[in-house]
Structure formats: structure tokens, C-alpha cells
1. Just for the stretch 129-156: of the residues that are among the aliphatic types (A, V, I, L, M) and over 13 Å from Leu108 (Cβ atoms), which one is farthest from the chain's Cα centre (by Cα)?
2. Mind checking which pairs have a first residue in the stretch 356-382 that is at positive phi and a second that is in a helix (DSSP H, G or I) and exposed (fewer than 13 other Cβ atoms within 10 Å of the Cβ), Cβ under 9 Å, 6 or more apart or different chains?
3. Is it the case that some residue within the stretch 236-249 is farther than 18 Å from Met395 by Cβ, at pLDDT 90 or above, out of contact with any Asp or Glu (no Cβ under 8 Å at 6 or more places or on another chain) and assigned by TED's automatic domain parsing to the domain that holds Leu391?
4. Inspect the stretch 398-418 for any residue being within 20 Å of Met211 (Cα to Cα), touching a His at 6+ places or on another chain (Cβ under 9 Å) and of a type in the set (Ser, Thr, Tyr) and give the result as yes or no.
5. Identify, from the list Val291, Val283, the residue that is over 23 Å from Leu402 (Cβ atoms), under 26 Å from the mean Cα position of the chain (by Cα), among the aliphatic types (A, V, I, L, M) and modelled with pLDDT under 80.
6. Pull up the stretch 197-225, narrow it to residues that are among the small types (Gly, Ala, Ser) and in a loop (DSSP other than H, G, I, E, B), then point me to the one that is surrounded by the fewest Cβ atoms within 10 Å (Cβ to Cβ).
7. Please work out if Val158 is over 22 Å from Gly374 (Cβ atoms), crowded, with 20+ Cβ neighbours inside 10 Å and in the same structural domain as Val83 (by TED's automatic domain parsing).
8. Using the structure shown, decide if Met337 is outside any loop (DSSP other than H, G, I, E, B), in contact (Cβ under 8 Å) with a residue 60 or more places away in the chain and over 20 Å from Asn309 (Cα atoms).
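The values are calculated or read from the model by the stated rules, or taken from the named source; none is laboratory data. The structure presented is a predicted model; accordingly, all values stated were derived computationally and were not measured. Every residue, glycine as well, gets a Cβ built from its backbone with ideal geometry; the counts of neighbours run over all protein chains shown.
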Amino acid sequence: MRLIVFSLVAGVVLLPLAAAGSPALSGIVPGAVALAGFLIFGAALLLPAVARPRRRGEEAPPLSDGAFLAAVILAGFALRVLVAAAIHTTGLQYTIAPDEETFHTNGLQFCLWLEGETPYRLSWRFLDSLQVGYFYLVGSIYYLFGVVPFLPILLNCVLGALTAIPVFRIARELGGPEAGRPSAVFVTFFPSVLLWSTLLVRDTPVILCLMLIISVVMSLRRRFGLWRLAAFLALLVALGSMRQYLFLLVAACSVASFLVGRAGRTARSFAVGVLVILGLLVVVRTSGFGVWELERASLHNLNLHRQYNSVPSAGAVTPQVDISEPVSALTYLPVGMVYFLGSPFPWQVMSPRQIMALPDVLVWYALLPIIFIGLANAVRHRFRDASMLLLTITMITVLYALVEGNVGIIFRHRAQVIVPMMVFAGVGFAVRRARRAEKRAELVPVPEAARP
């Protein structure tokens, strides 16, 4: 808890510190000031944990989980600030994420509306849309601290580093103490996850909300509490304000997870599931989240969306395929899953964007074996506890496998699956380490005196 409070307070403190920088410097001065401030706060937190007096020759005590997470968060944030400054001083953001302009422009419109200068007008893509939460966040930052685009980017750097906390907790729940730490490291430094948190896009808060929801649902399954239920609903509202289709998917997965039940507690899980359903109905009724998506939920509309995004310059994925019929959609699904989980394939790398994605793809391929080990272990031994995580990964993968029309969008949206997958990477790492320890123990010869 101390780590969470520290991280959130430090993130809030960084914003006014960064606002002292000049917008013309596009991130160098505010980034340097923020990085220095964050490192000072981090050193103050870590010092009591590692500076215990010890005798000569005594080994240093191992870091506690809190100190370890603080170190990972600090390192992840520092690296993100440096990458963000490099990207935005060289102009690479126009190549990597041209839709930064969309979030900046709509956030600026909300800022001007708060100042009373103009009516609030969204760009045409978001007219009559409820997916305006990130616009409000960006506009509020501009209103409070000035129109400095690096400020919401800096906040994304903080949120991206903090994603290690829910990932650590979920992995520790499913794989024991040895699984949490590698999961936190994997998710903090995974290339594409790190990249999207250094840009003015909404992916990072979306992913953080997603992992927090999974963590809260797992906590609700263990023990029901009104505060946990309220946190779950609040996080769902936050997610729905940024991506409504994820709101629907995660809500459905949450209900299904409770209905799976626990050994000896099926009735209790069912009762909690009913309460969750009632809470979701209230949210949908009062906010309207998901209504538009439910009205357009058809294979025909999914096919139109896919064909619209089949842009040749971004690496179109089988644009000739039609998934408007159930049989054709089911037939294409395995192919779409291969593209979503594996592209851009090394032999398809042609454009500069795909070359930039190649290191990420190679790291992803290298981690897949250990992910499968952790996934198999969770399914075999902790299926009920892992049901929310498994259902969420499955539903998101199936949806994107059907609708993604080009490699560029796949590379960006796959982070929503990579982050929860890092939980299984940590579990697989712990399982493999335990197996190696057992083999080494078997190879140690038993002393003659200890034999019967």
C-alpha cells in the first residue's frame, strides 16, 4: 500500500514539475526535471529498505517485494521518459502514432471549453461517442498546467510503469512468490508495451484499467466486499469511457468468471456473480456504455470494419476474406489468430514501421515457450482462480483476430494481450525454475552416513 500511495503521489508531483519546462523544448527540459524528481523520491523510498546496517562479511539482505517493485517502477519510468523525449525531439511520433494529433486536438477543445472560450466540439470520428474519457483527461491537464503536450505523455509514462503492480499481484496469486517478480520485469520492459506508454495515446490507461479490473475480480472471488465491488464498477466505467467494446468484453468475462465458481463455494460465487450483474446493469442503464456496440454487434459490421482498416501501406491482412457469415468467420478465425499473435512475421518486414516492430516480435517469440508453460500450469492447477485472466485474453484475441485489417493496428492492439500474457510468463518462469531446482537436488549424492 505504501508503494501504491508513493507512486501515485509522485506521479501527481511530477506534473507541475514538468509544467515548468518550455513547450518549445518538446520534452527535454520537463522530462529531465521530472526524471530527477522521481529519482529523488524513489531513492528516499528505497534507502530504508536496503540500507540496514550489517556486519562485515554479512551478505546483503534480499529486497522485499515492495522495494523490488519500487526499483522496477523507477527504472521503467526513467526509461520511458528518455524514450519519450527521444521520440518527440526527433519527430518519430508522426511515424509511430500519427493519431497523437487526434488526442491532442480533442483534449485542447475540452480545455478551451473549460476556460469558456468555445463550445466543446469533438472531431467527426467521435461525435455522439461516449469514448471521450482520455480527451477529458488530456484537456484537464492542459487546463490545470498549460497546453504542454509532454504532460499527458509524462502521465502515460507513470501509468505504464505502475502497470507492474497489478501484474505482479496477479502472477503472485497464480504462481506463488517466485512468479510475481519476473512478470513485473517482463511487463515493464517489454518493447511495445514500453513504446505505447511514451506516446500521447490512450493505450496505457486502457491496459492499466484492464489489469486492475482483473486483479479486483480475482480479489472479489476470494472475498466479497462492497468496496471491492465499487472499485470494480468504477474501473469498468473508466475503461468504458475509453474503449466501449472492451467494457462489454471485460464485463462479460467478469460475470462468466464468477459463474465458474470455486470448489466448495459455488453458491457463494453465484451470489456474487448476481450482484456483479446487477451492478453492471445499473452502470449500463445510467451511462449508456456499450449500447451502440450492442446495436452494431454483427458479423456484417465486423467485416465492414475489417475491410475499412485493410490499408495496403500499413500491411493489409488478407483483405479479400469475407467474414460476414458464421461459417466464413469460423473458418478464418484460426488464420486471424495466427496473424494477430504473430505478425509482422520476420520474412514480411518491408516498411520502416515493420522494421521498428521486428525486435518486439522477436522478444515475443522468445517468450512464447515460457508463456505456454505458465498457461498450462495455471489451467491444470489454478483454472478457477485464473478464469478471469484466461477469459479476457481469449475474448480479446478472438475479437481482434476477426476485425484487425492491417499489421500496424495489430502491432498496437496486441499489447492488450501481451500485458496479461506476462502473468503467465512469470508463472512459467517460476515453474521452470522449480523444476531445475528439483533436478539439481536429485543429482546431489546422498552422504553414506545418511543412507538407511
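1. Kept after step one, since they are among the aliphatic types (A, V, I, L, M), are these residues of the stretch 129-156: 130, 132, 137-138, 141, 144, 147-148, 151, 153-155.
Now narrow it down to the ones that are over 13 Å from Leu108 (Cβ atoms): 130, 132, 144, 153-155.
On the way: Leu130: 21, Val132: 19, Leu144: 27, Ile153: 16, Leu154: 16, Leu155: 15 Å.
Among those that are among the aliphatic types (A, V, I, L, M) and over 13 Å from Leu108 (Cβ atoms), it is Leu144.
2. none
3. Here is the first cut: in the stretch 236-249, the residues farther than 18 Å from Met395 by Cβ are 237-238, 241.
Next, only the ones that are at pLDDT 90 or above stay: 238.
If we keep only those that are out of contact with any Asp or Glu (no Cβ under 8 Å at 6 or more places or on another chain) as well, we get 238.
Next cut, assigned by TED's automatic domain parsing to the domain that holds Leu391 only: 238.
Checking the stretch 236-249: at least one residue is farther than 18 Å from Met395 by Cβ, at pLDDT 90 or above, out of contact with any Asp or Glu (no Cβ under 8 Å at 6 or more places or on another chain) and assigned by TED's automatic domain parsing to the domain that holds Leu391.
4. So far as the stretch 398-418 goes, yes, one or more of its residues are within 20 Å of Met211 (Cα to Cα), touching a His at 6+ places or on another chain (Cβ under 9 Å) and of a type in the set (Ser, Thr, Tyr).
5. Going through Val291, Val283 in turn, the sole match is Val283.
6. As a first pass, look at the stretch 197-225 and keep what is among the small types (Gly, Ala, Ser): 197, 215, 219, 225.
With in a loop (DSSP other than H, G, I, E, B) added as a condition, the list becomes 197, 225.
On the way: Ser197: 30, Gly225: 11.
Among residues in the stretch 197-225 that are among the small types (Gly, Ala, Ser) and in a loop (DSSP other than H, G, I, E, B), the one surrounded by the fewest Cβ atoms within 10 Å (Cβ to Cβ) is Gly225.
7. yes
8. Values: outside any loop (DSSP other than H, G, I, E, B): yes; in contact (Cβ under 8 Å) with a residue 60 or more places away in the chain: yes; over 20 Å from Asn309 (Cα atoms): no.
No; evaluated as a whole, the condition is false for this residue.
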